[in-house]
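What follows is one structure encoded as structure tokens, with my remarks underneath.
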Amino acid sequence: MRRPLRRSQLQAWAVAAVLCAAPAHAATGQADGGQPGAWLAGYTSARTLGLGGAFVANADDALGALWNPAGMPDMDRYELRFENARLFEGTSVNAAALALPGSRLPSFGLAMVSLRSGDFERTNEMNDALGTFHEGETAYVFTMAKSVTQKFALGANVKVLQQTVEDFSAGGVGFDLGAVVRPAAGLRIGASIANLGGPKLTLRDTPETFPTGLRGGISYQVLGGRGLVAAEVDRTGDAAVQLHAGAEYWVQSGLALRVGMLDDRASGGFSYRFAPQYQVDYGVADHALGLTHRVALAYRFAGFFASSQAAPEAFSPTGERATTQIQLVSRTKGDAERWTLDLVNKSGETVRRFSGPGVPPAHVEWDGKDETGLPLADGTYVYRLVVVDKQGRMLAGSPRRVEISTAGPQGEVPMVTTP
């Protein structure tokens with residue numbers, strides 16, 4: 001007689017799926033794959049995988065609340081993010097998140113992360129085949145955060161968890177708390193506590209409570225803000241302490257490279273911005289079962305920003321289009337204190353600067369001359385609007401290009417002679 005799959009077999013298959021989803025742990029430490037909620041505690045996004053999972057001090061994207069809900073106030077733009085990770089034995093993790101950073105009002109976020117295992121064969125005690133089943137878990141995370149002062153932010157998550165294994169299902173609610181301190185420019189220190197008061201899931205008879213997770217870390221911006229180095233220490237329940245470290249460098253405004261370490265295993269990745277609003281992230285990490293990959297697409301809109309646009313983008317100070325008009329638009333979290341628009345030549349030298357107090361004007365006009373009033377050489381110049389508010393927060397727009405061309409069109413004009 002065939003019997004239904006035993007409870008112990010269900011747990012074994014569920015643990016197998018979780019182990020596939022969790023990142024690598026220290027070879028000498030105690031693995032945490034068997035703990036309830038290990039898949040969510042060990043979740044890494046495409047960007048954070050490239051940073052070795054060291055994200056608690058930054059947490060400044062739509063999925064960052066999973067590391068530290070207090071990181072959301074540091075975001076400038078609203079963000080919608082989608083993630084996908086194909087793991088082992090048909091296991092996959094998908095995520096979607098929306099973040100709405102605030103200024104006077106709190107920041108709000110909503111995220112969904114879902115784990116689904118591949119199909120496992122179900123058997124009875126006689127090893128007779130009884131079909132297949134899969135294990136699935138989904139977390140819904142609502143975030144609220146606020147900058148209490150210029151240097152200190154607090155945040156909280158409310159998490160709703162659902163788990164399904166074969167014909168059994170369960171749900172539970174838990175809470176996370178986080179804080180970020182900014183003691184100096186470019187320096188952030190972050191800490192978070194996960195699973196306060198749950199969630200507790202009873203899949204059949206035995207309740208399982210998610211263990212408390214602790215995270216602490218530091219990050220520092222280098223190379224004028226184009227680089228970032230970060231380190232983090234994690235511990236979930238009775239599992240071994242995990243060490244994370246990573247670095248990020250924006251080679252140019254649209255391309256970033258990352259490298260990291262998850263305990264004793266290497267990771268890396270990159271980001272590519274193919275428009276000011278769109279960004280693709282990719283992360284890869286070594287694992288005992290092979291390489292794991294993650295891909296993300298982010299869309300940024302509205303929020304707080306600084307932007308500039310020259311019209312026309314090419315002009316001739318000696319021709320009909322003697323000047324170019326550079327439109328300036330910004331929205332700051334606090335009252336604007338000052339603004340700057342620098343025009344830089346191909347050698348990286350600032351040849352002309354427009355600046356002033358408060359909010360930038362609707363536009364400025366440039367006649368192709370330097371600070372002393374002398375005409376500049378033909379060529380391409382880069383400009384960028386920067387606005388600083390009264391709390392010291394800086395918004396920098398995307399670098400753009402404008403061209404001076406006084407030579408006019410080149411070529412040969414054929415001459416036709418009459419006999």
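Restricting attention to the range 32-83, the residues that are under 10 Å from the mean Cα position of the chain (by Cα) and either outside the structural domain of ALA139 (by TED's automatic domain parsing) or not aliphatic (A, V, I, L, M) (or both) add up to 10. Filtered by the rule that a residue be surrounded by 18 or more Cβ atoms within 10 Å (Cβ to Cβ) and not in a loop (DSSP other than H, G, I, E, B), the range 318-339 gives THR324, ILE326, LEU328, SER330, ALA336, TRP339.
Just one residue in the set GLU371, GLU365, GLU320, GLU349 is without any contact (Cβ under 8 Å) to a residue 12 or more places away in the chain and within 24 Å of VAL388 (Cβ to Cβ); that residue is GLU349.
Take the residues of the range 180-218 that are part of a loop (DSSP other than H, G, I, E, B) and of a type in the set (S, T, N, Q): which is surrounded by the most Cβ atoms within 10 Å (Cβ to Cβ)? Give the derivation first.
To start, the set of residues in the range 180-218 that are part of a loop (DSSP other than H, G, I, E, B) comprises 185-186, 197-199, 203-206, 210-212.
Right, trim to of a type in the set (S, T, N, Q) and you get 206, 212.
Numbers: THR206: 9, THR212: 15.
Ranking the candidates gives THR212 first.
Is it the case, given these coordinates, that ARG400 is out of contact with any Gly (no Cβ under 9 Å at 6 or more places or on another chain) and modelled with pLDDT under 95? In short, yes.
Just one of the listed residues (VAL259, VAL165) is buried (at least 18 other Cβ atoms within 10 Å of the Cβ), β-branched (Val, Ile, Thr) and in contact with a helix residue (DSSP H, G or I) (Cβ under 9 Å, 6 or more places away or on another chain), and it is VAL165.
Restricting the search to strands (runs of 3 or more DSSP E) fully inside the range 50-143 and requiring at least 2 residues that are at pLDDT 90 or above, surrounded by 20 or more Cβ atoms within 10 Å (Cβ to Cβ) and in contact with a Lys or Arg (Cβ under 9 Å, 6 or more places away or on another chain) gives 78-86, 92-100, 107-116. Taken over the range 176-195, the residue count meeting the criterion of being acidic (Asp, Glu) and in contact with an Asp or Glu (Cβ under 7 Å, 6 or more places away or on another chain) is 0.
The values are calculated or read from the model by the stated rules, or taken from the named source; none is laboratory data. Everything quoted here is computed from the prediction, not taken from an experiment. Note that we place each Cβ from the backbone using ideal geometry, even for glycine, and neighbour counts take in every protein chain shown.
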